[in-house]
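Q: Let me give you the structure first, and then I'll get to my questions.
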Amino acid sequence: MKKLIVHSLFFISIMVVIILLSLFLIPNKKLIDNSLYANIDKHHRLDSLASPKIVFVGGSNLGFGLDSKRLEDSLHLPVVNMGLHAGLGLKFMINEVKPSIRKGDIVVLSPEYHHFLNNSLLDGEKILVALLFDVNKKDLKYITFSQALHLIPLTVEYSVSKLMRKELDVMDEDVNNEFDKNYKRNSFNKYGDEVMHWNYPNQVIHQMAGTTVSEDVSSSTLCLISDFDQYLRVNGAKLIIIPPAFMASSYLGYEKLIKNITIKLKEQKTPFEIKPQSFVFPDSLYFNTVYHLNKQGVKQRTDSIVKLMKREISK
């Protein structure tokens, strides 16, 4: 029995070493110059800005949904858009900005509604593993112990795909259209906004019209937001929560969930600063998903945020 245990531990140790070596030494060729590399540029801007500054935190609803230059020019405060991809997980998005927040800063949090539904979008999906091991290893320091446990099976799967030379296309890109072929690190401007799509016509959108989601709101997500609010208060910063942009034809199936999210956030005194319906735009203003606005949609949403932020700053 003792010999069996020793052999088992030896085998497990060998497997762990192989997995770690594959993660750190075998590159994922599908990520060369990928849009995930914009994370490095966003952090550079975040750390280089003086306070007070405005930091936008969320997924691609922000990456594809802001004109930060217009915000900066209108509000006379430096702006950085950290929004990149919902699959990185809300916990990571929050933890990666914490060390850079200073007194007087304003953090605008805009989670996708899917972050309130399940744990995978709280702790991160496979795309987070790709970011951590193939794009920006410095981001490993933002991973909590509970996240690490959640990411273990995803990390093993990602490692095996490398060993088999079948790298996972973690971005789920449709390479049949011209936009996705060119969606790279340089698709983002210096503020962190994805602007390349401003020059493209609307793509085929995978609509969720007719889809009805659960009405239950994740208590873990609510707790994470509440803790973040407290953290910012202690450090002399302010949290503003705004809803994501959302496509009108898909809104009905999410209406009850969104209503419950609004109620729960209000109960814990971290409410949306603007009604979710205000950011439900016509389908014609979306580019390629229910969260990604086209150039005209970006302008309308940015105009609304400028008005909101002027009110907040004047306080």
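Values in this text are rule-based calculations from the coordinates and carry no lab data. All of these numbers come straight from a predicted model, not from anything done at the bench. No Cβ is skipped: glycine too gets one built from the backbone with ideal geometry, and neighbour counts run over all protein chains shown.
Q: Report ³J(HN,Hα) in whole Hz for each residue of the stretch 33-39, in order, from the Karplus equation J = 6.51 cos²θ - 1.76 cosθ + 1.60 where θ = phi - 60°; Gly and Pro get x.
A: These are the phi-based 3J(HN,Hα) values: 6, 5, 4, 4, 5, 4, 4 Hz.
Q: Could you run the Karplus curve 6.51 cos²θ - 1.76 cosθ + 1.60 with θ = phi - 60° over the stretch 274-288 and give me ³J(HN,Hα) per residue in whole Hz, x for Gly and Pro?
A: 8, 5, x, 4, 5, 10, 8, 9, x, 4, 5, 9, 10, 8, 9
Q: Which entries of LYS137/LYS315; LYS266/LYS307; LYS269/LYS295 show an alpha-carbon separation above 29 angstrom in the structure shown?
A: LYS137/LYS315; LYS269/LYS295
Q: Where a Cα-Cα gap under 13 Å defines reach, which aspartates and glutamates qualify for LYS69, not counting those fewer than 8 residues away within the same chain?
A: Straight-distance partners of LYS69: ASP193, GLU194, ASP303.
Q: Let me ask something else about it. Once phi is turned into ³J(HN,Hα) by the Karplus curve 6.51 cos²θ - 1.76 cosθ + 1.60 with θ = phi - 60°, what whole-Hz value does each residue of the stretch 56-66 show in order, with x for glycine and proline?
A: 8, 10, x, x, 6, 4, 8, x, 9, x, 9
Q: Check ASN294: other-chain or 5+ apart residues with amide H under 5 Å from its amide H, H built from backbone geometry?
A: Excluding prolines and chain starts, which carry no amide H, the hits are TYR286, PHE287.
Q: In terms of modelled amide H atoms, which long-range or inter-chain residues lie less than 5 Å from the amide H of ILE241?
A: HN-HN under 5 Å from ILE241: LEU109, GLU273.
Q: Can you sort PHE188, PHE272 from fewest to most other Cβ atoms within 10 Å of each residue's own Cβ?
A: PHE272, PHE188
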